[in-house]
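Please treat every number below as a calculation from the coordinates, not as lab data. Worth saying up front: this structure is predicted, and the values here are computed from it rather than measured. A quick note on method: Cβ atoms are made from the backbone with ideal geometry, for glycine too, and the neighbour counts reach across all protein chains shown.
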Amino acid sequence: MRKMVLLPAALALGLGGCSGDSMTPGGRDVLIGGAGGALAGAAIGSFTANAGVGALIGAGVGVVGGYLWNQHEVAERQAAERRQQQLDAAYQRGVQSGERQARTSN
């Protein structure tokens, strides 16, 4: 019973650190992945009477998953920035072309 009270309290304190602005998005993703993995691993491990090992394995898998998710998000953000730069450059070329046409037609 004591473990059941301590686990949610420990998770609440651990995840409470994610709410501040001092944590990077990557660190937050890894921490949440690790905590979620530990919780899921403990739940699955409790069915086999080995919740501690399940929590450790789940935490490891969760950390790796959180890191991979963060890398995916970083790549998506960089791709969006490249697309926006291409659109901005195309817009500027169009403006310059229109200005040249306006000058030559007058």
**Some residue of region 76-87 being within 36 Å of the chain's Cα centre (by Cα), under 30 Å from Ala38 (Cα atoms), assigned to a helix (DSSP H, G or I) and not hydrophobic (A, V, I, L, M, F, W, C)** = yes
**Request:** Report whether or not Ala49 is among the aliphatic types (A, V, I, L, M) and buried (at least 17 other Cβ atoms within 10 Å of the Cβ).
**Result:** no
**Message:** Give all pairs with beta carbons closer than 7 Å in which a residue from region 36-48 that is within 10 Å of Gly60 (Cα to Cα) meets a residue that is surrounded by 17 or more Cβ atoms within 10 Å (Cβ to Cβ) and among the aliphatic types (A, V, I, L, M); count only pairs at least 6 apart in sequence or on separate chains.
**Reply:** Gly37/Ala59; Gly37/Val61; Gly37/Val63; Ala38/Ala55; Ala38/Ala59; Gly41/Ala55; Gly41/Ile57; Gly41/Ala59
**Message:** Among the residues of region 38-57, are any part of a helix (DSSP H, G or I), within 19 Å of the chain's Cα centre (by Cα) and under 20 Å from Thr24 (Cβ atoms)?
**Reply:** no
